[in-house]
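The values are calculated or read from the model by the stated rules, or taken from the named source; none is laboratory data. All values derive from a computational prediction rather than experimental measurement. Here the Cβ positions follow ideal geometry from the backbone for every residue, glycine too, while neighbour counts run over all protein chains shown.
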Amino acid sequence: YAEGGRLARTLGGWQVICWALVLAAPLVCLPVGLALWQHGASAPPMVWLCFLYVALVSQLLGFFAWYHGLALGGVARVSQLQLLQPFFTLVASALLLHEQITPATILVALVVMAAVALGRRAPVRRVQG
């Protein structure tokens, strides 16, 4: 994330994630090719649509915004917000799936939120270049 955030200041978030995907593609193609050769592509169309959604929306478009945010706010400060993701997941699981959230879970979530708040208030020295 640190290097991607730094690069996003000059290239833009969309170019950073696109180049990351281009560079990672050769490493991913071999295991995917082997899996397809061994098991075939026998998933139903709905599974492929779901896979396409996750690849394009959750990953590609999500990272456009993420790297843009890193470039604007600085890696050290903005990356701390990612630590709040488990808290939002807990809230969503309670609201959408009616999961039971215990007092211990709430306590841990509050500790994580406090750590994020402290991290956001810490002085950050920016290195130019």
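Before moving on, here are some points about what is shown:
- Listed by first and then second residue, the pairs linking a residue in the stretch 78-93 that is free of Cβ contacts under 8 Å to residues at least 60 places away in the same chain to a residue that is polar (S, T, N, Q), with Cβ atoms under 7 Å apart and 6 or more places separating them unless they lie on different chains, are 90/105.
- Yes/no for residue 117 being in a helix (DSSP H, G or I) and surrounded by 15 or more Cβ atoms within 10 Å (Cβ to Cβ): no
- Complete set of residues in the stretch 33-46 that are in a helix (DSSP H, G or I) and exposed (fewer than 11 other Cβ atoms within 10 Å of the Cβ): 33, 34, 37, 38, 39, 45, 46
- Inter-residue pairs, beta-carbon under 9 Å, first basic (Lys, Arg) and in the stretch 106-123, second surrounded by 12 or more Cβ atoms within 10 Å (Cβ to Cβ), 6+ apart: 120/77; 120/80; 120/81
- Hey, residue 66 out of contact with any strand residue (DSSP E or B) (no Cβ under 8 Å at 6 or more places or on another chain), within 25 Å of residue 14 (Cα to Cα) and modelled with pLDDT of 85 or more or not: no
- Among the residues of the stretch 50-60, none qualifies, meaning not one is over 20 Å from the mean Cα position of the chain (by Cα) and surrounded by fewer than 12 Cβ atoms within 10 Å (Cβ to Cβ).
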